[in-house]
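Heads up: the structure comes next, in structure tokens.
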Amino acid sequence: MRITAVTCVKNEGPFLIEWIAFNRVIGVTDFLFYSNDCSDATDRLLDALAAKGIVQHLPNPAEGRNYQMEALKAAAKEPVVTEADWVWVADVDEFLNIHVGDHTIPALIAACGNPQAISVTFQFFANAGVDGFEDRPVIEQFTRSHNPDLWCGESAIEVKSLVRHDFPLQYYGAHRPFFKDTLAKKRHPVWTDGSGRAVPHKFLIAANPRRIRKFPAAGVRDHATLNHYALRSLDSYLVKNDRGDVNRENRAFDDTYWRERNDGAWEDLSIRRYLPALQAEMDRLRADPAIDALHREAVALHIAKRDDLLRRDEYVAMQAQLRAASTLPPQEEAMLASLGLLDTAAS
């Protein structure tokens with residue numbers, strides 16, 4: 001089974017080896033990376049990996065700031081995508097945690113009944129007080145998350161999607177594929193959630209704009225969860241804030257974004273099942289001296305950027321603000337305050 005992962009990156013150098021190794025462990029066979037404006041060896045590391053046939057790497061074709069959607073539009077024409085049995089569109093801070101069979105994508109597909117698309121629901125993993133960047137697996141370091149069925153007062157949570165080659169595709173979205181609204185009902189794709197259940201009809205046909213990328217999370221994770229490590233360490237978050245993201249250049253993340261993703265009420269260690277195989281695959285990739293040297297350079301540049309930022313008053317203030325920020329999402333804190341329960345919750 002040929003499974004292609006498609007992703008966009010900017011200054012993700014220290015995290016590339018883990019993400020590629022993890023996805024190889026779960027069954028991804030091919031990778032298509034688009035990069036833009038990298039200053040931390042991300043592009044050069046991807047070029048070295050491409051030279052070994054491990055990934056394909058292209059410059060992001062976007063002429064404006066819509067980096068991800070322009071890249072996905074271009075990706076839809078690339079042979080590594082068009083010739084794949086399945087396509088997985090995800091970011092480098094997202095890890096598909098499969099709970100069935102041998103914990104691979106083929107096992108997930110089988111458990112879901114081999115549909116034409118599978119949308120797996122996010123679970124946001126908190127920073128949980130981790131200040132310092134460490135060059136070791138993200139999936140090992142961060143184990144706290146929100147209640148999986150509720151996030152910031154919402155019972156509907158966003159998804160990312162696996163797409164089979166015969167999906168009646170109009171275009172790939174970052175979170176889900178789309179088909180034409182004129183498609184006959186009998187040709188609508190078979191599409192499941194992460195428990196193998198049919199996705200809600202309004203989600204299927206993109207009829208509810210507010211929930212075009214999400215649906216109720218209760219009961220959706222029997223077969224798989226999408227672990228999302230949007231914060232990582234405080235060091236890395238500061239660097240991320242300076243970088244912006246692949247969607248909006250120089251985007252500034254205030255503490256609302258941080259607080260919404262730093263709810264550590266639950267502990268989930270299930271993804272650690274992959275650690276032995278992950279470490280072995282990381283070691284295989286880094287056995288190549290050029291790849292290992294570029295990974296080490298990316299780590300050094302990441303740390304140097306952190307050090308540079310913390311010479312600036314505004315980043316020292318931001319660091320202090322985030323350390324002191326409530327671990328309750330703003331929506332939950334407001335609700336508790338309105339009920340007169342805030343002090344009780346805090347204690």
Pairs beyond 18 Å (Cα-Cα), from Lys180/Lys202; Lys160/Lys214; Lys52/Lys305: Lys52/Lys305
In what sequence, highest mean first, do 33-45, 153-165 appear when ranked by Cβ atoms within 10 angstrom? 33-45, 153-165
Within-15-Å neighbourhood charge of Leu58 [Cβ basis; K, R +1; D, E -1]: -3
Among 176-184, 127-135, how do they line up by average Cβ neighbours within 10 Å per residue, starting with the highest? 127-135, 176-184
Asp30 neighbourhood, Cβ < 12 Å, K/R = +1, D/E = -1, net charge -1
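Please give me the summed charge of the neighbours of Pro14: other residues whose Cβ is under 9 Å from its Cβ, Lys and Arg +1, Asp and Glu -1.
Values: positive: none; negative: Glu12, Glu18, Asp40, Asp135.
Within the 9 Å Cβ shell, the charges total -4.
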Report ³J(HN,Hα) in whole Hz for each residue of the stretch 16-25, in order, from the Karplus equation J = 6.51 cos²θ - 1.76 cosθ + 1.60 where θ = phi - 60°; Gly and Pro get x. 5, 4, 4, 5, 5, 4, 4, 5, 5, 4
Under the Karplus curve 6.51 cos²θ - 1.76 cosθ + 1.60, θ = phi - 60°, whole-Hz ³J(HN,Hα) for the stretch 152-168, x wherever Gly or Pro sits: 6, x, 9, 8, 9, 10, 5, 10, 10, 10, 8, 10, 7, 4, 9, 4, x
Calculate one ³J(HN,Hα) per residue across the stretch 48-57 by plugging θ = phi - 60° into the Karplus curve 6.51 cos²θ - 1.76 cosθ + 1.60, and present them in order as whole Hz with x for glycine and proline. 5, 5, 5, 5, 8, x, 7, 9, 10, 9
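Per DSSP H run of at least 4 residues, take -39500 (n - 2.57); add these up for the chain, divide by its residues and hand me the 222 nm value, nearest 500 deg cm²/dmol. If you can, show how the numbers build up before the last one.
Values: 14 runs with 123 residues, N = 347.
Here the helix-only value at 222 nm equals -10000 deg cm²/dmol.
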Which distance in nm do the two modelled labels at Glu83 and Ala207 give, with both placed 7 Å along the Cα-to-Cβ direction? 4.0 nm
According to a simple spin-label model (label point 7 Å from Cα along Cα-to-Cβ), what is the distance in nm between His175 and His188? 1.9 nm
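FYI, it's all coordinate maths here, none of it is from the lab. Quantities reported herein were computed from a predicted structural model and do not represent experimental measurements. Counting neighbours? That spans all protein chains shown, and the Cβs are built from the backbone with ideal geometry, glycine included.
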